[in-house]
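First up is the structure itself, then whatever we jot down about it.
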């Protein structure tokens, strides 16, 4: 009899811990993409903590490369297996698939969003009168530099400007880079990621912009637009920038890490990568140069749910948890990213001064890049065309004027199609 009783207890235990016993658990699929290696590790820790507080919720984390993020989400949705949550970058493109969070946030959630988040990033996630996502970090463009090369060349970098006189103009920046190339082991002075966002930094610094405020007309064809193109082309022609990035697809950050290039005009999320992976030289962050005005390009990543999500209420609950002050502060501090929350108190430790520089670049940025990139689908639809036209200019297939005219024509055609 004892043997039968023991056997019964064992069988009962196996039943209780078997997968079928988890049938009542709700499994949320989250599609995630990293910008640095540490991000998914930190996010998984946050998931573990959430699951402990919500034992009836299980989270299946699906990590994909950023280049595959949009396609992965779209494929899952079309296939009838929409994720419950995804990290987002291209909100405009995927907006029709996304859940309207306003129907789930509640009054407290709406108040938190509108009182405690940066307006620019909050509004970027507001599409067609629907709050389709919530910001999780803020990005800015800035200048990374090889401290050893600049010191070897006797070139001081602007790290504590009080006014414009303390910063490089474009011509002064070019002269500084030439001096570093001539007096150090740097083969090139500067790399710029092969991205319309990055080239757009030069357009804004020149005083230009992609379109007018109400997005009825493109405005790249201008003296400012021509200056942004011609300056970029000249840096390549003079050997200050390698042609291998924009013409050959080589990775800009890889070249900077290798020590071949003295400076990288990149995005603040590279701080974590450089801190972890650069061991052969000392690096730092300096203020970017200016032409007609100072400018960065605000950006960021978001988290969203989907109209076809299996568990929309549970998905929004996790989104609220992840974007709360305490948890978002933890995420941004561990990943060295800037928080979109106005009430966040993030301690960046050894790189606090670098993060302050990026924050200042954002502070002085005009509304033009915000208007260009935030709430329209035009630049998203011609993103690859912008890069192609700039490449053709660098390759001298187009003059600066021809390039700006072509960009306006392509953009205006897209404006008409989207009306």
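The shape of the range 272-416 comes out oblate: with a ≥ b ≥ c from the C-alpha gyration tensor, a/c is at least 1.5 while a/b does not beat b/c. A simple spin-label model places the labels of residue 63 and residue 111 3.8 nm from each other, with each point 7 Å out along Cα-to-Cβ. Can you classify the range 21-148 as rounded, prolate or oblate using the Cα gyration tensor, where a ≥ b ≥ c are the square roots of its eigenvalues, rounded means a/c under 1.5, and otherwise it's prolate if a/b beats b/c and oblate if not? Rounded, because the longest to shortest axis ratio a/c is under 1.5.
Taking a point 7 angstrom from the Cα of residue 276 along the C-beta vector, which residues in the range 66-82 have backbone N less than 19 Å away? Taking a point 7 Å out along Cα→Cβ of residue 276, the residues of the range 66-82 whose backbone N falls under 19 Å are 66-69. Restricting attention to the chain, close to 60% of DSSP beta bridges with both partner residues there are antiparallel. Within the listed set 328, 128, 54, the residue fluctuating most in the Gaussian network model of the chain (springs between alpha-carbon atoms under 10 angstrom) is 54.
Relative to the longest principal axis of the Cα atoms of the chain, the long axis of helix 2-17 makes an angle of roughly 30 degrees. With both residues required to sit in the range 23-171, DSSP beta bridges show an antiparallel share near 15%. Taken along the Cα-to-beta-carbon direction at a fixed 7 Å, the label points for residue 171 and residue 250 span 3.0 nm. The length gained on full extension between residue 293 and residue 343, counted as 0.36 nm times the residue separation minus their Cα-Cα distance, comes to 15.1 nm.
Note on the range 308-366 and the range 73-133: Cα centroid distance 16 Å, given to the nearest whole angstrom. Comparing 44, 52, 205 in a Gaussian network model of the chain, where Cα atoms under 10 Å apart are tied by springs, the biggest mean-square fluctuation is seen for 52.
Does a label point 7 Å from the Cα of residue 258, set along Cα-to-beta-carbon, have any residues of the range 120-155 with amide nitrogen under 14 Å, and which are they? Correct set: none at all.
Length available on full extension from residue 151 to residue 164: 0.36 nm per residue minus the Cα-Cα distance, which gives 2.4 nm. Normalising the average separation of contacting C-alpha pairs (under 8 angstrom, six or more residues apart) by the number of residues puts the relative contact order of the range 225-361 at 20 percent. Spatial offset of the range 193-261 relative to the range 276-304 amounts to 15 Å, using the alpha carbon center of each. Per residue, the average separation of C-alpha pairs within less than 8 Å and at least 6 apart gives the chain a relative contact order of 25 percent. Full extension of the segment from residue 56 to residue 397, taken as 0.36 nm per residue of separation minus the current Cα-Cα distance, would add 116.7 nm.
Between rounded, prolate and oblate, where does the range 290-331 land on the alpha carbon gyration tensor, with a ≥ b ≥ c its root eigenvalues, rounded for a/c under 1.5, else prolate if a/b exceeds b/c? Oblate, because a/c is 1.5 or more while a/b does not exceed b/c. Among (1) 1.04; (2) 0.96; (3) 1.02, only one was calculated for this model; which label is it, if the read-out is Rg/Rh (Cα atoms, Kirkwood Rh)? Given (1) 1.04; (2) 0.96; (3) 1.02, the calculated one carries the label (1).
Laboratory data are not the source of any read-out in this text; all were calculated from the coordinates shown. Given the structure is predicted, the values throughout are model-derived calculations rather than measurements. Positions of Cβ are backbone-derived with ideal geometry, glycine not excepted, and every protein chain shown enters the neighbour counts.
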